[in-house]
Amino acid sequence: MTTKKINFSSMVIHAGQEIEVATGAVIPPIYATSTFAQQKPGEHLGYEYSRSKNPTRLALEKMMAALEEGVGALAFASGMAAIAAVLDLLEPGDHIVVNEDIYGGTWRLFEKLKKYSSGLNFTYVDMCDLTQFEQALTSKTKMVWLETPSNPMMRIIDIEAITSLVRSRDIISVVDNTFATPYIQKPLNLGADIVVHSVTKFLNGHSDVIGGMVISKAKDLCDKLAFIQNSVGAILGPFDSFLVLRGIKTLALRMQKHCENTKIIADYLSQHPKVKTILYPGLQTHPQHEIAAKQMQNRFGGVLSFCIDADLSGIKKFLQETKLFTLAESLGGVESLIEHPNIMTHASLEKSHRDKLGITDSLVRISVGIEDANDLISDLDAAFKVIT
Ligand code: PLP
């Protein structure tokens, strides 16, 4: 079907979804098959082997290409597998400039693995500072990698400003759009060459799948990435592809509620005497609020971090006391989660790196679900009471 003229909340339901010819099934079936019959050697109906292409996965990939406004998308077994595939575009000796405040697992892949296994060099900078960013570029820089909002410090990087600085220089720009999703921001339209996702988070939205996605607006990059995916083989299976597609159908509705609830909670935390700092781009006090308002279309997402005025034992008690906010890593599900980046999601970063970023013992990150906001506030309120 044509998806050219429909709006985002219609696209999440229809993009890339064809009525199945054999039975008329409205929803793309789970094609649980590893291989496909050929009429004659080399002659087939477009599918040979499910590592290369599978109809359920393809329906999801078409959906994601449409939502991010790219020309192609590839679904991977995890966000990390998607990220690793993008790095495979590079050659030993290539240099990558990365925003210093990234997901701990991405940092671990770059610093503890790819640096040695692929001979890549990484420089981490504060990309909110464009001068610092430009100074980090060298003649060997082949890729720029950024996350915005960043994790867990919720900094906002101006995607358009960064991509316009590298456009004339044969540098591939990559944006991890996991936190925002295309409901909020579309990096390809802001000049990025590649978007990656942990679909585990908001895209799937139900905390029951691990998956990743790469989308590009450049046909040559899509072809190279498809070659890498088929060669390495870290594909998303048909069952998980089906679940993610089902999750995406409510993406617009869910994101709207995540954003609404998070703003209500940010306002509540702003008034709380035990809260020292709140990191949420939707607050006017956030240093990059203006950029966020423009880049994120005044939708500021479902994640926020804040610092509590207590020692570590008090903060641990607080984290163990919430009932609706489950103490767990991850984010982006319909249920609210709470976590301690220093001990949990960002423990893989070097301590000196965490200290530099401000990932201290007092920092807590929440992923705000789509429950009733008053219930979420009551839950936090009760937990604050255990801190003396
Ligand atoms: N990118 C971001 C921003 C993440 O938060 C995560 C996981 O938390 C990943 C990538 C990795 O994704 P996955 O856990 O699906 O491998």
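The values are calculated or read from the model by the stated rules, or taken from the named source; none is laboratory data. Only a predicted model underlies this, so the values are computations on that prediction, with no experimental measurement involved. Ideal geometry is used to build each Cβ from the backbone, glycine not excepted, and the neighbour counts take in all protein chains shown. Accessible surface is based on the protein model in full, side chains and every heavy atom, while ligands, DNA and RNA are left aside. Shrake-Rupley method; radii C 1.70, N 1.55, O 1.52, S 1.80 Å.
Karplus-based coupling profile of the stretch 141-150, in residue order and whole Hz: 5, 10, 8, 10, 10, 9, 10, 8, x, 7, with θ = phi - 60° in 6.51 cos²θ - 1.76 cosθ + 1.60 and x standing for Gly or Pro.
Backbone N atoms of the stretch 352-381 closer than 20 Å to the 7 Å Cα→Cβ label point of LYS274 belong to residues 360-369, 373-381. With contacts taken as Cα pairs under 8 Å and at least 6 residues apart, the chain reaches a relative contact order of 17 percent. Here's how it looks for ALA218: its modeled amide H is under 5 Å from those of VAL71, which are all 5 or more places away or on a different chain.
Altogether, the Stokes-Einstein calculation at 4 °C and 1.567 mPa s, with the Kirkwood radius of the stretch 287-346 over Cα pairs as Rh, returns a diffusion coefficient of 96 µm²/s. The stretch 260-279 and the stretch 59-96 have their alpha-carbon centroids 35 Å apart.
With contacts taken as Cα pairs under 8 Å and at least 6 residues apart, the stretch 228-305 reaches a relative contact order of 28 percent.
How much of the DSSP bridge set in the chain is antiparallel, in percent, rounded to the nearest 5? Don't skip to the answer; put the middle values down first.
Values: 25 of 44 bridges.
Once the DSSP bridges in the chain are tallied, antiparallel ones form about 55 percent.
Scalar couplings 3J(HN,Hα) for the stretch 121-126, obtained by applying the Karplus form with A = 6.51, B = -1.76, C = 1.60 to θ = phi - 60°, are 10, 10, 10, 9, 9, 7 Hz; x denotes Gly and Pro.
So how do 79-86, 40-47 stack up, highest first, on mean other-Cβ count within 10 Å? It would help to have the intermediate numbers written out before the result.
On the way: 79-86: 23.5, 40-47: 9.2.
Ranked from most to least packed, the peptides come out as 79-86, 40-47.
Taking the average, over residues, of other Cβ atoms within 10 Å as the packing measure, peptides 139-147, 219-227, 22-30 rank 139-147, 219-227, 22-30 from highest down.
Quick one: dipole size for the stretch 169-220, taken about the Cα centre, charges +1 on Lys/Arg Cβ and -1 on Asp/Glu Cβ, in debye to the nearest 20. Write down the numbers at each step before the final one.
Details: 5 positive and 5 negative charges, 28 e Å.
It works out to roughly 140 debye.
Determine, at each q value in 0.14, 0.21, 0.22 (inverse angstroms), the log₁₀ of I(q)/I(0) that the Debye formula gives when each Cα of the stretch 243-318 is one equal point scatterer. Values returned for q = 0.14, 0.21, 0.22 Å⁻¹ are -0.56, -0.93, -0.98. The residue list PRO341, LEU253, GLY314 was ranked by how far each Cα lies along the charge dipole of the chain toward its positive end, using unit charges on Cβ atoms, and LEU253 comes out on top.
Around the Cα centre of the stretch 248-306, unit charges on the Cβ atoms of Lys, Arg, Asp and Glu (plus for the first two, minus for the last two) sum to a dipole of about 200 debye. Of the solvent-accessible surface of the chain, computed with a 1.4 Å probe over protein heavy atoms with every protein chain present, carbon and sulfur atoms account for 54 percent.
Within the shell of other residues whose beta carbon sits under 13 angstrom from the beta carbon of LYS62, the net charge comes to -2, with Lys and Arg scored +1 and Asp and Glu -1.
Scan the chain and note any complete DSSP helix (H) whose C-alpha atoms cover at least 27 Å along its axis and whose Kyte-Doolittle average is -1.0 or more. Walk me through the numbers before you get to the answer.
Working: long enough: 251-271 (30 Å, -0.35).
Passing helices, by number: 251-271.
The amide H of VAL275, built 1.01 Å from its N in the peptide plane, has ASP309 as neighbours under 5 Å, considering only residues 5 or more places off or on other chains.
Separation of the stretch 106-171 from the stretch 27-51 is 39 Å, based on Cα centroids. If every alpha-carbon in the chain counts as one equal scatterer, what log10 I(q)/I(0) does Debye give at q = 0.10 1/Å? Per q value, in the given order, log10 I(q)/I(0) is -0.65. Residues whose amide H comes within less than 5 Å of that of GLY369, counting only those at least five positions distant or on another chain, are SER336, LEU337 (H built at 1.01 Å from N in the peptide plane). With 5 Å bins beginning at zero, the pair-distance distribution over Cα atoms of the stretch 283-388 amounts to 2, 12, 19, 21, 20, 17, 7, 2, 0 %. Calculated translational diffusion coefficient of the stretch 207-295 (10 °C, 1.306 mPa s; Stokes-Einstein with Kirkwood radius over alpha-carbon pairs) equals 94 µm²/s. Converting phi to 3J(HN,Hα) with the Karplus coefficients 6.51, -1.76 and 1.60 and the offset θ = phi - 60°, the stretch 183-194 yields 5, 9, 9, 10, x, 5, 6, 9, x, 6, 8, 9 Hz in sequence order, with x at every glycine or proline.
Treat every Asp and Glu Cβ in the chain as -1 and every Lys and Arg Cβ as +1, leave all other atoms uncharged, and give the resulting dipole magnitude about the Cα centre to the nearest 20 debye. Display every interim value, and only then the final one.
Details: 38 positive and 43 negative charges, 89 e Å.
Dipole about the Cα centre, nearest 20: 420 debye.
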